[in-house]
Amino acid sequence: MSETQRTVTVRVPAKINLLLAVGPRRPDGFHELSTVFCAVGLYDTVTASPATDLSVRLTGPESAGLPADARNLAWRAAVLLAEHVGIEPRVRLSIDKAIPVAAGLAGGSADAAATLLACARLWNLTVEPAALDALAAELGSDVSFALHGGCALGTGRGERLRPVPAAAAFSWVLAAASGGLSTPGVYAELDRQRAAGTGSPAAGGPEPVIAALGSGDPHLLADRLGNDLEPAALALAPYLGATLGAGRRLGALGGLVSGSGPTCAFLAPDGEAAERLAHGLLASGTCRFARAVVGGAARPELTVRANQSPDAPLIPAVDRTADLPGANHVADTLKADGKS
Ligand code: C5P
């Protein structure tokens, strides 16, 4: 297959934080974190196609208002990777967005991670996994996790990762309000609350959450969820109290604000209960978006196609991204000519 024919697609999941313990603000402005990330089955899809220059096109139900230029983290990811290897960032990025924006679900980080994976493959680069992780960390605190998915303990700014095993796929509902919250704004509100002595007690260490994930017991996990940013998000977006209350009334085992919010994540006993909860939350009028998703097993998935025609059959091909993060879970396919 010639280079001009090939496109690379990466489907990349959103994340929630099962625990987000926030330490003091560091001299560089970031906060030292101890967080348990969990990828959830709500995906953006980034397709990288050969081009003579760099462009970004946004489609999908959650794409409204997003910039398609250097303000977009995916754009910056393509530029950073190209600079790293000394080439021009020649790629057309098409981003199909299903992950709500500025929602505490790391959608922008997911797009950036998918762009790193897709461009590395499109441009036939050999990039060490550690180098790709470093580029991801440069782009944002959540981008490193988005490269890998699954569940992981994050420390430092959130970019230092240790995989965490989950014994079962847990059933979640994501409930997003209209509008977003600014991540720096939520951290600043936490600092303000702490300085004023009005903040809630800090979440504990990650071990109880990690043990609950390993146990596969959603009741145990529900008791151990925690987010130090939640009181700050609630102060900035008081309507979130109604969403959290509705989820609990409707039978969620537990619920919390995801990351810096405003999305709330609710844990359900099983998939059917999650579907019922999602319907109930939408009907409650406390959110504009409610989706039942499975958490813990979602990872980036990469597909190579000879061209963009959706009709041609796909056949398995040798995966040459095996050394890249996420590649253990790559579904690599080529069109029927079988050549790469
Ligand atoms: O790394 P990222 O671009 O996602 O961070 C956005 C903002 O969130 C930072 O500029 C900072 O204000 C805040 N943040 C923080 N501590 C972290 C991660 C993010 O204060 N560990």
request  = Confirm whether V36 is touching a His at 6+ places or on another chain (Cβ under 9 Å), within 16 Å of the ligand (Cβ to nearest atom), among the aliphatic types (A, V, I, L, M) and within 30 Å of Y187 (Cα to Cα).
outcome  = no
message = Looking at the range 91-99, can you tell me whether even one residue there is in contact with a strand residue (DSSP E or B) (Cβ under 6 Å, 6 or more places away or on another chain), under 30 Å from V294 (Cβ atoms), in a loop (DSSP other than H, G, I, E, B) and within 15 Å of the ligand (Cβ to nearest atom)?
response = yes
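For the range 174-197, check the following and say yes or no: at least one residue is away from the ligand (no atom under 16 Å from the Cβ) and part of a helix (DSSP H, G or I).
Filtering the range 174-197 for residues away from the ligand (no atom under 16 Å from the Cβ) gives 174-179, 196-197.
Now restrict to residues that are part of a helix (DSSP H, G or I): none.
No: zero hits.
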request  = Please specify each residue of the range 55-65 satisfying the condition of being modelled with pLDDT of 95 or more and crowded, with 18+ Cβ neighbours inside 10 Å.
outcome  = V56, L58
query = Among the residues of the range 107-158 satisfying the criterion of being surrounded by fewer than 23 Cβ atoms within 10 Å (Cβ to Cβ) and among the charged types (D, E, K, R), which is nearest to the ligand (Cβ to nearest atom)?
reply = R157
inquiry  = Under 9 Å between Cβ atoms, which residue pairs at least 6 apart in sequence (or on different chains) link something in the range 214-226 that is assigned to a helix (DSSP H, G or I) with a partner that is surrounded by fewer than 16 Cβ atoms within 10 Å (Cβ to Cβ) and of a type in the set (S, T, Y)?
reply    = L221/S215
inquiry  = What's the number of the only condition in (1) part of a helix (DSSP H, G or I); (2) surrounded by fewer than 18 Cβ atoms within 10 Å (Cβ to Cβ); (3) within 16 Å of the ligand (Cβ to nearest atom) that A202 fails to meet?
reply    = (1)
inquiry  = Among (1) within 24 Å of G205 (Cα to Cα); (2) part of a helix (DSSP H, G or I), there is one condition L277 misses while meeting the rest; what is its number?
reply    = (1)
inquiry  = It is to be established whether one or more residues within the range 12-25 are part of a loop (DSSP other than H, G, I, E, B), within 24 Å of P163 (Cβ to Cβ) and within 12 Å of the ligand (Cβ to nearest atom).
reply    = no
The one condition in (1) surrounded by fewer than 20 Cβ atoms within 10 Å (Cβ to Cβ); (2) at pLDDT 95 or above; (3) within 16 Å of the ligand (Cβ to nearest atom) that H219 fails to fulfil = (3)
key: Conditions (1) touching a residue at least 40 places away in the same chain (Cβ under 8 Å); (2) assigned to a strand (DSSP E or B); number of the one not met by V56   = (1)
request  = Return the total of residues in the range 10-54 being surrounded by 24 or more Cβ atoms within 10 Å (Cβ to Cβ), more than 12 Å from the chain's Cα centre (by Cα) and of a type outside the set (A, V, I, L, M, F, W, C).
outcome  = 1
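The values are calculated or read from the model by the stated rules, or taken from the named source; none is laboratory data. Small disclaimer: the values here were computed from a predicted structure and weren't measured. Using ideal geometry, Cβ is built from the backbone for each residue, glycine included, and neighbour counts are taken over all protein chains shown.
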